[in-house]
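Below is one structure; the comments refer to it alone.
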Amino acid sequence: MSQPQAKFLKDYQKPLFQISHIDLDFSLAQAQTQLIATSKVIRHGTHSDALVLAGDDIELLSVTIDNQSVDYMQRDGELIIETSLNAFELQIITKLDPEANTSLEGLYMSDGAYCTQCEAEGFRRITYFLDRPDVLAIYTVRIEADKQAFPFLLSNGNLVDSGDSNDGLHFAKWHDPFPKPAYLFALVAGDFDLLEDSFTTCSQRDIKLQVFVDKGNLNKAHHAMASLKKSMAWDESRFNLEYDLDIYMIVAVDFFNMGAMENKGLNVFNTKFVLADKDSATDDDYHGIESVVGHEYFHNWTGNRVTCRDWFQLSLKEGLTVFRDQEFSSDLGSRAVNRIHAIKVMKNQQFAEDSGPMAHPIRPESVIEMNNFYTVTVYNKGAEVIRMMHTLLGESGFQKGMALYFERHDGEAVTCDDFVAAMQDASGIDLAQFKRWYSQAGTPQIDVQEEYNSETQCYTLTLLQSTPDTPDGSAKLPLHIPFDIELIDVAGQSIVNKVLDFTQEKQQFNFEGLEQKPIPSLLQNFSAPVKLNFEYSVEQLVHIMRFAQSEVAKWEASVALFSQSIWQNIERLQAQQAMFIDPRIVDAFKGVLLAQDLDKALMAEILTLASAGSLIEQNDIVDLDNLKIAREFVVLEIAANCEDELLVIVRELAGIDDAATRALKNVCLALLLKVDSNYASLAEQQYNNAENMTDSLAALSALNGESSAIREQLMAKFEQKWLKTPLVMDKWLGLHATFTNDNCIDKLKSLFDHEAFSFNNPNRVRSLIGIFAAANTFEFHRHDGLGYQFLTDAIIKLNTLNPQVAARIITPLIQFKKFDLARQQLMINELNRILTVDNLSKDLYEKVTKALV
Ligand code: B3K
Ligand code: ZN
């Protein structure tokens with residue numbers, strides 16, 4: 001078999017044909033689904049090339065042009081039609097087998113309902129088409145199916161006709177007046193509970209809102225509906241963007257590869273991001289729902305009305321829409337805490353991707369399997385790049401840029417360059433150098449030196465930027481970096497608070513008239529997605545934690561204090577010296593526990609001590625075994641020295657019904673259990689008294705550090721209670737996956753046969769296997785290699801079942817370069833094992849071969 005080939009951005013060519021309209025006529029039936037697709041095709045320009053359509057895994061029944069049969073050829077995922085006509089009607093009849101489709105791309109079944117997922121290239125699994133985002137067509141969709149089994153027949157746009165047909169069938173016809181690329185097409189047919197509401201837009205149009213959920217879940221749809229209404233109001237007030245169709249539908253399905261999908265007027269969601277009530281969903285779940293509902297809604301303008309010219313431009317819609325959903329969450333909740341979450345994703349996941357074999361710029365230049373590029377780089381670093389433009393232009397300049405972008409490009413498929421041009425033209429700020437962020441992979445490093453001259457009273461910061469080489473070979477030129485700083489005096493007063501414009505490889509910034517050497521808080525708010533190298537002293541960090549104006553800076557300083565202590569202890573261990581923690585560090589954390597004026601959610605973030613996974617990302621190479629010992633030591637020292645304070649908080653805050661309060665209390669509970677396993681009784685008490693999922697789960701998770709009778713008992717109780725609620729059982733599976741115990745893997749294997757688990761369902765696979773590999777650091781990286789083997793066996797099984805999910809959970813295995821040679825070899829062996837699999841998917845092929853280069 002030939003090896004999968006890469007596609008290159010530089011090879012982009014405009015489509016040779018345009019499809020302006022398409023009528024889809026679906027007959028959905030259990031045994032076979034038939035689709036008649038009738039398109040208006042127009043030749044672009046004067047060429048005489050054949051019409052080449054993409055199609056995957058579908059049975060072709062007939063092809064006609066203007067009602068005449070035509071000659072065609074089929075080869076490797078393509079249908080080639082020779083014709084000399086310049087405008088014609090093309091009709092293609094295909095047969096599909098949604099029941100057998102476990103890839104969850106194209107048309108498939110989720111718990112007895114038909115649904116679709118077409119982004120990025122899933123429409124070609126439905127019919128042969130110009131399946132590329134720069135072909136925008138007007139869709140009319142007729143669906144016919146059994147009335148009893150599938151009472152709801154949904155597609156994009158407005159319902160224009162419906163009724164009964166023969167033999168217990170019924171039909172619905174939908175028309176979407178907005179031309180759209182095929183990836184935004186959607187169809188759903190099934191039986192659901194329906195929550196309805198409405199929203200009146202700023203121009204007084206009434207929009208019908210519908211949330212469809214599995215039968216029996218109606219009471220869990222209210223938070224999603226409320227989030228949708230908030231999103232609609234927010235996009236009007238902050239971005240001046242109004243909804244366009246008369247109806248907006250969300251359908252929640254349990255079988256879904258990602259979080260959700262922004263299909264025009266008909267979003268399909270993973271149930272995880274719709275269903276919630278306080279018994280079954282945590283505070284984090286509530287927050288996640290609000291943010292994903294917002295994200296998909298915001299795509300209606302950033303993605304749907306203005307879409308991508310080609311898939312290399314994915315960040316055009318994703319980076320921008322993540323930025324928008326982050327702003328939405330920040331305007332509605334705590335800006336600092338939302339920022340901290342975004343920073344963690346960048347430092348823990350995106351930095352890892354950027355230093356690994358899959359490193360790519362936010363606009364990649366070559367791709368084998370597009371589904372592999374829905375990454376933290378394209379999404380989250382993409383959002384950081386938008387955020388930097390926002391910093392450089394300010395809110396009003398940025399909004400002018402957005403307005404110009406829509407004025408120029410509404411209804412078009414465009415590039416990242418078009419976006420930046422609109423920002424530049426509207427603001428008058430030169431973004432020529434800034435645009436390098438789109439083409440350079442890798443995490444830039446900024447080395448900072450400080451100097452203070454007491455005679456001239458001048459303080460100087462010298463900044464040096466460099467970006468390490470990445471396997472994609474992208475050029476590394478100096479970037480335009482907004483570098484946010486605060487200078488604080490010894491008394492804790494703020495002297496300077498500004499964003500430096502850092503554009504050269506090396507640049508000096510002088511601050512005159514300072515009577516004493518100030519304490520610098522650098523790269524505040526993570527103002528650019530870079531690594532900061534600056535040797536902070538303990539004293540400086542403690543000062544920043546106390547006095548910085550920015551809450552995010554306080555948190556950053558706490559992370560640095562904790563991390564520094566761990567790296568120093570790793571060195572001591574390597575030199576066979578006793579471990580030690582500077583008492584000022586303990587005091588700093590105690591100070592947070594005692595603080596009266598700090599937001600509880602921020603306190604919780606500070607006390608959530610950096611995970612092993614996030615520590616690994618701070619250095620190029622890591623001594624994992626000593627990291628484990630050093631981290632346990634430092635955590636224990638902090639917790640043990642704060643035992644009384646922790647106890648007070650856990651006792652005093654118990655039972656208070658507020659998310660931030662719960663977060664703080666629960667992180668303190670977890671720390672107490674590190675001090676003394678006798679505190680397990682506190683966790684047990686909390687579990688038994690809990691009136692919400694956040695507290696139940698926090699109790700179990702605090703007990704997850706070691707095996708105990710209480711843990712066993714409560715896990716069994718939880719299982720019994722929630723056995724029939726899949727989303728909650730995912731949490732239970734996740735607890736097993738993060739159990740830090742030698743027997744963890746054996747237990748996980750035995751759970752493959754549990755009724756709550758299925759390899760066919762991505763949520764289950766992520767909970768049991770994905771979380772293990774991504775978060776159970778020391779069990780995954782066991783010396784005997786059993787962790788790697790466990791993951792690899794699952795990946796091989798998923799290769800045929802669901803290649804997208806297989807390629808997603810492989811991430812920790814391809815990032816092996818940070819570890820010792822023995823571990824590296826074990827990981828490489830497993831990757832080689834994957835390479836020998838028959839019919840290896842393009843998804844896995846791309847990642848494994850890049851890792852093994
Ligand atoms: N655009 C979709 C992701 C599609 C994933 C394709 N493998 C969800 C989102 O970003 O909103
Ligand atoms: Zn998105």
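Values quoted throughout were computed directly from the atomic coordinates according to the rules given, and no laboratory measurement underlies them. Bear in mind the structure is a predicted one, so any value in this text is a computation, not a measurement. Neighbour counts run over all protein chains shown; Cβ positions are idealised from the backbone, glycine included.
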Worksheet entry | Rounded D (µm²/s) - segment 206-355, Kirkwood Rh over Cα pairs, Stokes-Einstein at 4 °C, 1.567 mPa s | 81 µm²/s
Worksheet item: Residue by residue, what Karplus-based ³J(HN,Hα) values in Hz, rounded to whole numbers, does segment 19-28 have, using 6.51, -1.76 and 1.60 with θ = phi - 60° and x for Gly and Pro?
Response: 10, 8, 9, 9, 10, 10, 10, 9, 10, 8
Response to the item:
Under the Karplus relation with 6.51, -1.76 and 1.60 and θ = phi - 60°, whole-Hz ³J(HN,Hα) for segment 663-675, x at Gly and Pro, equal 4, 5, 4, 6, 6, 5, 4, 4, 5, 4, 5, 6, 5
Worksheet item: Which value, in debye to the nearest 20, gives the size of the charge dipole of the chain about its Cα centre, when Lys and Arg are +1 and Asp and Glu are -1 at the Cβ?
Response: 540 debye
Worksheet item: Quick one: helix 726-737 against the long Cα principal axis of the chain, what's the angle to the nearest 10°, folded into 0 to 90?
Response: 40 degrees
Fill in: Expected 222 nm ellipticity per residue - DSSP helices of 4 or more, -39500 (n - 2.57), all of the chain, to 500
-12000 deg cm²/dmol
Worksheet item: Whole-Hz Karplus ³J(HN,Hα) for segment 210-216, in order, using 6.51 cos²θ - 1.76 cosθ + 1.60 and θ = phi - 60°, x for Gly and Pro?
Response: 9, 10, 9, 10, 4, 3, x
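Over the chain, what relative contact order in percent results from Cα pairs under 8 Å that are six or more residues apart?
Values: 1613 pairs, mean separation 69.4, N = 853.
8 percent.
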Worksheet item: Using bins 5 angstrom wide from zero, how does P(r) for segment 335-474 break down, in % of all Cα pairs?
Response: 2, 9, 14, 17, 17, 17, 12, 6, 3, 2, 1, 0, 0
Worksheet entry | Under-5 Å amide H pairs with Leu500, H placed in peptide plane, nonlocal only | Phe483, Asp484, Ile485
Worksheet, complete the sentence: Extension length gain for Thr800 and Asp167 (0.36 nm per residue less Cα distance), in nm, is 224.2 nm
Worksheet entry | Base-10 log of normalised Debye intensity for segment 156-197 (one unit scatterer per alpha-carbon) at q = 0.26, 0.33 Å⁻¹ | -1.09, -1.15
Worksheet, complete the sentence: With segment 163-259 reduced to its Cα atoms and the Debye formula applied, log10 I(q)/I(0) at q = 0.14, 0.22, 0.23 1/Å amounts to -0.69, -1.34, -1.36
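Placing +1 at every Lys and Arg Cβ and -1 at every Asp and Glu Cβ, with all other atoms neutral, what dipole size does segment 187-303 have around its Cα centre, in debye to the nearest 20?
Working: 10 positive and 20 negative charges, 27 e Å.
Dipole about the Cα centre, nearest 20: 140 debye.
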Worksheet item: Under unit Cβ charges (Lys, Arg +1; Asp, Glu -1), what dipole magnitude, rounded to 20 debye, does segment 359-473 have relative to its Cα centre?
Response: 200 debye
Discussion item. Sequence gap at least 6, Cα distance under 8 Å: using those rules, report the relative contact order of segment 298-379 to the nearest whole percent.
Written reply: 34 percent
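For segment 294-374, count the residues as N, evaluate 2.2 N^0.38 Å, and divide the Cα radius of gyration by that value, please.
Working: Rg = 14.1 Å, N = 81, 2.2 N^0.38 = 11.7 Å.
So segment 294-374 has a normalised radius of gyration of 1.21.
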Item to complete: Could you state the angle between the C-alpha long axis of helix 643-653 and the longest principal axis of the C-alpha atoms of the chain, as a value from 0 to 90 degrees rounded to the nearest 10?
Response: 50 degrees
Worksheet item: By how many degrees, 0 to 90 and rounded to 10, does the Cα axis of helix 538-547 deviate from the longest principal axis of the chain?
Response: 70 degrees
Item to complete: List the relative contact order of segment 327-474 as a percent without decimals, with contacts defined as Cα pairs under 8 Å and 6+ residues apart.
Response: 25 percent
Discussion item. Under a crude label model (7 Å from the Cα following the beta-carbon direction), how far is Asp597 from Asp838 in nanometres?
Written reply: 7.0 nm
Worksheet item: Considering only the other residues whose Cβ falls under 12 Å of the Cβ of Glu846, what net charge follows from Lys and Arg at +1 and Asp and Glu at -1?
Response: +2
Worksheet, complete the sentence: One would report the Cα pair-distance distribution of the chain, bin width 20 Å, in %, as 14, 47, 33, 6, 0
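Between exposed GluC sites (Glu not before Pro) in the chain, where DSSP calls loop and at most 13 other Cβ atoms lie within 10 Å, what's the longest gap? Intermediate results must be reported in sequence, preceding the final value.
Numbers: sites that count: Glu82, Glu455, Glu505, Glu512, Glu515, Glu535, Glu691, Glu706, Glu755.
Here the longest run is 83-454.
Using a Cα distance threshold of under 25 Å, what count of lysine pairs results for segment 509-632 when pairs must be 8 or more residues apart or interchain? Spell out each step's value before the answer.
On the way: Lys517/Lys531; Lys517/Lys554; Lys531/Lys554; Lys531/Lys628; Lys554/Lys590; Lys554/Lys600; Lys590/Lys600; Lys590/Lys628.
Final tally of qualifying lysine pairs is 8.
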Worksheet item: If you take every DSSP beta bridge whose two residues both sit in the chain, what share of them, in percent to the nearest 5, is antiparallel?
Response: 80 percent
Discussion item. Less than 16 Å apart at the alpha-carbon level, and either on another chain or at least 8 residues along: which lysines does that give for Lys797?
Written reply: Lys749, Lys842
Worksheet item: Given Asn67, Gln210, Ser454, which one lies farthest toward the positive end of the charge dipole of the chain, if we put +1 on the Cβ of every Lys and Arg and -1 on the Cβ of every Asp and Glu?
Response: Ser454
Worksheet item: What ratio of Cα Rg to 2.2 N^0.38 Å holds for segment 370-422?
Response: 1.26
Worksheet item: Given the convex hull over the Cα atoms of segment 734-801, what projected area results after averaging over all orientations, in nm²?
Response: 4.1 nm²
Discussion item. Along the charge dipole of segment 351-470, pointing to its positive end and built from +1/-1 on Cβ of Lys, Arg, Asp and Glu, which listed residue (Asn380, Gln465, Gln445) has its Cα farthest out?
Written reply: Asn380
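Looking at segment 251-317 from every direction and averaging, what is the projected area of its Cα convex hull in nm²? List each step's numbers first, then the result.
Values: hull surface 19.9 nm².
Mean projected area for segment 251-317: 5.0 nm², to one decimal.
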